[in-house]
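**Student:** Supplied in structure tokens, the structure appears directly below.
Derivation of every value follows stated rules applied to the coordinates shown; laboratory data play no part. Remember, it's a predicted structure, so these values are computed and weren't measured experimentally. Here Cβ is always computed from backbone atoms with ideal geometry, including for glycine, and neighbour counts include all displayed protein chains.
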Amino acid sequence: MSRGVREERRLNVAILSGGVGGARFVRGVVDVAGAAATSVIGNVGDDVEVLGLHISPDLDSILYALAGLADEQRGWGRSGETWHALETVRALGGEDWFALGDRDLGLHLARTQALRAGEPLSSVTARLAKALGVATQLLPATDDRLRTWLETPAGTFPFQEWFVARSHRDEVDAVRFEGEEEARPAPGVFEAIDGADLILLAPSNPYVSVGPILAVRELREALARRSVPCVAVSPLIGGRAVKGPADRMLQRLAGGTSPRHVASCYPGLIDALLVDGADSDELDGLGDVRPIVTRTLMSDDDTRRRLAEVALGVVPA
Ligand code: GDP
Ligand code: CA
């Protein structure tokens with residue numbers, strides 16, 4: 001806490017985030033702004049039922065990252081993980097396409113039981129965070145059922161079937177959000193946005209990580225009528241995704257992979273876009289979105305923190 005340069009001013013920050021890529025940035029922001037001043041609004045469009053359990057992969061990536069439990073080498077899941085339960089499932093001919101480690105399974109068991117007993121996802125998530133010693137507020141975008149579907153030339157697939165089972169090999173023609181008409185922001189989401197001095201969009205996939213959060217109409221409207229700056233970090237470096245299909249999706253769905261194509265995913269919602277130096281000769285067409293050129297690759301604590309400093313610097317100290 002003591003090293004946060006903005007600790008004294010208590011700059012309240014709300015971050016919209018997907019999973020692994022977003023979690024890296026969230027860690028940097030928490031490091032700089034402080035855990036108590038940071039609220040994270042996470043994607044639930046990836047949520048899936050596997051082996052009868054409710055999995056919230058993006059919320060868990062953030063939770064594990066903030067709790068210091070993430071496996072940084074593998075890039076997802078928990079460190080020190082073992083796979084005995086899944087091996088047993090496989091040996092018995094059970095559902096084994098979605099990798100769930102033993103430690104990870106413990107969390108899914110606890111969450112699923114609570115959800116079955118009628119507890120909302122936001123409440124379960126808050127309890128899990130507290131139990132893991134995470135002081136940052138972590139909110140699902142909605143407690144309602146919201147699921148991402150991908151329309152591709154090979155058919156229409158639920159998110160995890162496309163992403164995991166089919167290794168996101170199919171080009172995407174359209175992204176749909178089942179339940180978006182009914183989905184309401186989870187308790188705490190309005191307060192987090194309205195109480196923020198700065199809103200940040202993590203360098204998560206604009207279509208399948210930030211997109212499902214913005215699909216919650218009242219949440220998107222709260223962002224659109226913001227009175228504080230909203231700053232996005234581009235997930236592309238030199239027009240390429242650091243990992244995953246964001247570049248291919250932008251090429252096909254937005255017509256290119258320049259900063260303006262990233263910005264076009266957030267019409268009327270962002271005031272500035274953090275772009276990498278590798279994209280600094282492609283800054284035209286951004287309209288009233290201010291480009292801020294910096295190093296955006298987060299490879300360790302230091303680079304995460306520096307990127308967060310630049311984002312937080314949009315609000316003068
Ligand atoms: P997921 O939900 O686990 O797939 O993760 P996210 O959607 O939150 O993050 C995936 C995105 O993060 C990808 O598009 C990556 O290009 C981006 N990403 C990952 N690491 C970095 C990084 O160090 N810097 C930047 N700028 N983007 C990154
Ligand atoms: Ca995700």
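**Student:** What distance in nm separates the two pseudo spin-label positions at Glu161 and Arg10, each 7 Å out from Cα along the beta-carbon direction?
**Tutor:** Calculated label separation equals 4.9 nm.
**Student:** For the range 248-288, what class follows from the C-alpha gyration tensor (a ≥ b ≥ c being the square roots of its eigenvalues): rounded when a/c is under 1.5, otherwise prolate if a/b is larger than b/c, else oblate?
**Tutor:** Working: a/c = 1.83, a/b = 1.06, b/c = 1.72.
It is oblate, given that a/c is not under 1.5 and a/b is not larger than b/c.
**Student:** Based on the Cα coordinates of the chain, what is the per residue volume of their convex hull in Å³?
**Tutor:** Numbers: hull volume 39.7 nm³, N = 317.
Looking at the chain, the number lands at 125 Å³ per residue.
**Student:** Mean separation of Cα pairs under 8 Å and 6+ residues apart, divided by the residue count of the range 145-292: what relative contact order is that in percent?
**Tutor:** On the way: 234 pairs, mean separation 28.7, N = 148.
Normalised by residue count, the contact order of the range 145-292 is 19 percent.
**Student:** Follow-up question, since we're still on this one. Which distance in Å, rounded to a whole number, links the C-alpha centroids of the range 51-129 and the range 133-172?
**Tutor:** Between the Cα centres of the range 51-129 and the range 133-172 lies a distance of 16 Å.
**Student:** Taking θ = phi - 60°, what integer Hz values does the Karplus form 6.51 cos²θ - 1.76 cosθ + 1.60 yield along the range 15-25, in sequence order, with x for Gly and Pro?
**Tutor:** Along the range 15-25, the couplings run 10, 8, 9, x, x, 5, x, x, 4, 4, 5 Hz.
**Student:** Taking the Cβ-Cβ separation of Thr88 and Leu109 as r and a Förster radius of 22 Å, what is the calculated FRET efficiency to the nearest 0.05? Show your work: numbers first, answer last.
**Tutor:** On the way: r = 15 Å, r/R0 = 0.68.
That pair, Thr88 with Leu109, gives E of 0.90.
**Student:** Counting each DSSP H run of 4 or more residues in the chain as -39500 (n - 2.57), what helix-only mean residue ellipticity at 222 nm follows after dividing by all residues, to the nearest 500 deg cm²/dmol? Intermediate values should be presented prior to the final figure.
**Tutor:** Details: 11 runs with 102 residues, N = 317.
About -9000 deg cm²/dmol.
**Student:** Here is a further query. Percent relative contact order of the chain, based on C-alpha pairs within less than 8 angstrom and at least six residues apart?
**Tutor:** Working: 619 pairs, mean separation 60.6, N = 317.
Reported as a whole number, the value is 19 percent.
**Student:** Let me ask another. Determine the dipole magnitude for the range 169-317: charges of +1 sit on the beta-carbon of Lys and Arg, -1 on that of Asp and Glu, nothing else is charged, the reference point is the Cα centre, and the result goes in debye to the nearest 20.
**Tutor:** That gives a dipole near 160 debye.
**Student:** Along its principal axes, what span do the Cα atoms of the range 117-215 show, with the longest given first and each in whole Å?
**Tutor:** Result for the range 117-215: principal-axis Cα extents of 42, 35, 27 Å.
**Student:** Please list the radius of gyration and Dmax for the range 96-164, considering alpha-carbon atoms only, with Å as the unit.
**Tutor:** 14.9, 44
**Student:** Using the basic label-point model (7 angstrom from Cα toward the beta carbon), what is the Ala135 to Arg184 distance in nanometres?
**Tutor:** In this crude spin-label approximation the distance works out to 3.2 nm.
**Student:** Let me ask something additional. Please state the charge dipole magnitude for the range 23-176, taken about the Cα centre, from unit charges on C-beta atoms (+1 on K and R, -1 on D and E), reported in debye and rounded to the nearest 20. Show your work: numbers first, answer last.
**Tutor:** Working: 15 positive and 22 negative charges, 84 e Å.
Using only the charged Cβ atoms, the result is roughly 400 debye.
**Student:** Of the DSSP beta bridges with both residues in the chain, give the percent that are antiparallel, rounding to the nearest 5. Please list the in-between numbers first.
**Tutor:** Numbers: 16 of 40 bridges.
Of those bridges, close to 40 percent are antiparallel.
**Student:** Continuing with this model, one more query. Could you tell me what percent of the DSSP beta bridges with both partners in the range 205-314 are antiparallel, to the nearest 5?
**Tutor:** Values: 2 of 10 bridges.
So the antiparallel bridges amount to about 20 percent of the total.
**Student:** Cβ neighbours within 10 Å, averaged per peptide: list 116-122, 16-22 in order, most packed at the top. Don't skip to the end; give the middle numbers.
**Tutor:** Working: 116-122: 14.4, 16-22: 27.6.
Answer by packing, highest mean first, reads 16-22, 116-122.
**Student:** Would you kindly state how much longer the chain becomes between Asp284 and Glu218 on full extension, computed as 0.36 nm times their sequence separation minus their alpha carbon distance, in nm to one decimal?
**Tutor:** Numbers: separation 66, 0.36 × 66 = 23.76 nm, distance 3.12 nm.
Contour length minus Cα-Cα distance gives 20.6 nm.
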